[in-house]
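Notes follow the structure.
The values are calculated or read from the model by the stated rules, or taken from the named source; none is laboratory data. In this text the structure is predicted, and so the values were computed from the model without any measurement. Cβ atoms come from the backbone with ideal geometry, glycine included; neighbour counts cover every protein chain shown. Ligands, DNA and RNA are excluded from the accessible area calculation, which covers all protein heavy atoms including side chains. Shrake-Rupley method; radii C 1.70, N 1.55, O 1.52, S 1.80 Å.
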Amino acid sequence: MTSTTSGTEPAPSGEPEQVRLRAALGRLPAYVPGKAAAPGPGLTAYKVSSNENPFPPLASVLEVIAATAGSINRYPDMAVRDLTAAIATAVGVAPENIATGNGSVAVLSHIIMATCDAGDEVVHAWRSFEAYPIVVALAGAESVPVGLDLDARHRLDAMAAAVTERTKVVIVCSPNNPTGTTVRRGELETFLDAVPPHVLVVLDEAYVEFVTDPEAPDAMAVWRSRPNVLVLRTFSKAYGLAGLRVGYAVAHPRVAAALRQTATPFGVSSIAQSAAIASLSAFGELERRVEALVAERSRVAGALEEQGWKLPESQANFVWFPLGTDSGAFVEACEAAGLVVRRYGDDGVRVTIGETEANDRLLEVAAAFGAR
Ligand SMILES: *Cc1c(COP(=O)(O)O)cnc(C)c1O
């Protein structure tokens, strides 16, 4: 490697401090990624901290990925034409209603960029997905967090009441990460009636494939009847493509076009595009895996209830233990049993429904810890 300065020369002192960075960066909450599983002595470790799909990729998807790898010297299709068409067909809308991105977190940041100027407000529940306040702050907008109720559910009435002149977006996360609860059909309609039509309501449905509650809303029906609603979905969870980063919005044409304007050009790689198309084609096979995870969720929830635990009903691929100040002790007990779980300060602990062995171990830890 050649350089105009000698490699041994120290960097001019103080130089980094002269670069002016945005003050917003200093106020950002840290996004805590799930730790890698560290195998203990004689114990397989399981990472059940990131809501990933525990099944390995489908052979048919791996084949498509290998085939696409041969053309990575070329840029991906910037218009994401084939994947957009495949998603549109799968959800029953026109291609103009779909906007894609590097995971739905990226799509969310396109949404905020397309709607918020400095100081504008984004209302969302809390606790909810920890990316929300980060994405909002990075766009120079203000988060307006609205506390969950005692059952760890969204308080949609309070969220509607939190809307001001400055509100541009309200995010409804259903099922809610990290508590697993869904909003109900009727309360969502009442909420949408109360939100002004110029405010964009984002229904974040990252876990929709795991929902079995008949009271849960049909987001696509809601979307069809409401011009200010957007549905946000991902290939990271049920589809098992977390490592490839693909998510999408179903939006009305003007909003969808704005999301394409604010998206990173060529953001979704050719491998991600082709793997997502192949996954949509293989949905039947993936659905059986989702059903197996839902069956495991029921088994775990039932066993925890028998142990005496009172937990919110999860409609996602994880369970929430609202442990308060016992959260740290529970995390330690899980780690001693080879389970890497996700702690949310002194609010609680989220554990992903993973391999059967991991779920069994969670039940053992929970029994020994003592129900509360
Ligand atoms: C996991 C998750 C996402 C999806 O993130 P990707 O960027 O698509 O991987 C979005 N919203 C919520 C609430 C999530 O939990």
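Observations
- Partner lysines for residue 310 [C-alpha distance under 30 Å; skip if fewer than 8 residues away on the same chain]: 35, 47, 237
- Relative contact order %, the chain, counting alpha carbon pairs below 8 Å whose residues are six or more apart: 23 percent
- The residue 28 and residue 225 beta-carbon pair, evaluated with R₀ = 41 Å, returns a calculated FRET efficiency of approximately 0.65.
- Mean Cα-pair separation over length for the range 57-178, i.e. relative contact order, pairs under 8 Å, 6 or more apart, %: 22 percent
- Once both labels are positioned 7 Å from their Cα atoms along Cα-to-Cβ, the gap between residue 96 and residue 261 label points is 1.6 nm.
- Annotation: amide H-H contacts under 5 Å for residue 45 (H modelled 1.01 Å from N, sequence separation of 5 or more, or interchain): 40.
- With both residues required to sit in the chain, DSSP beta bridges show an antiparallel share near 45%.
- A 1.4 Å probe run over the protein chains yields, for the chain, 47 Å² of accessible area per residue, whole-number rounding.
- Rounded to the nearest 10 square angstrom, residue 291 shows an accessible area of 110 square angstrom against a 1.4 Å probe.
- Reducing the range 332-372 and the range 105-154 to their Cα centroids gives an inter-centroid distance of 28 Å.
- Calculated FRET value between residue 62 and residue 215, using beta carbons and R₀ = 56 Å, to 0.05: 0.90
- The chain: calculated mean residue ellipticity at 222 nm from DSSP helix runs of at least 4, using -39500 (n - 2.57): -11500 deg cm²/dmol
- Accessible-area rank, largest first, for 237, 35, 47, 310: 310, 35, 47, 237, with all protein chains present and a 1.4 angstrom probe.
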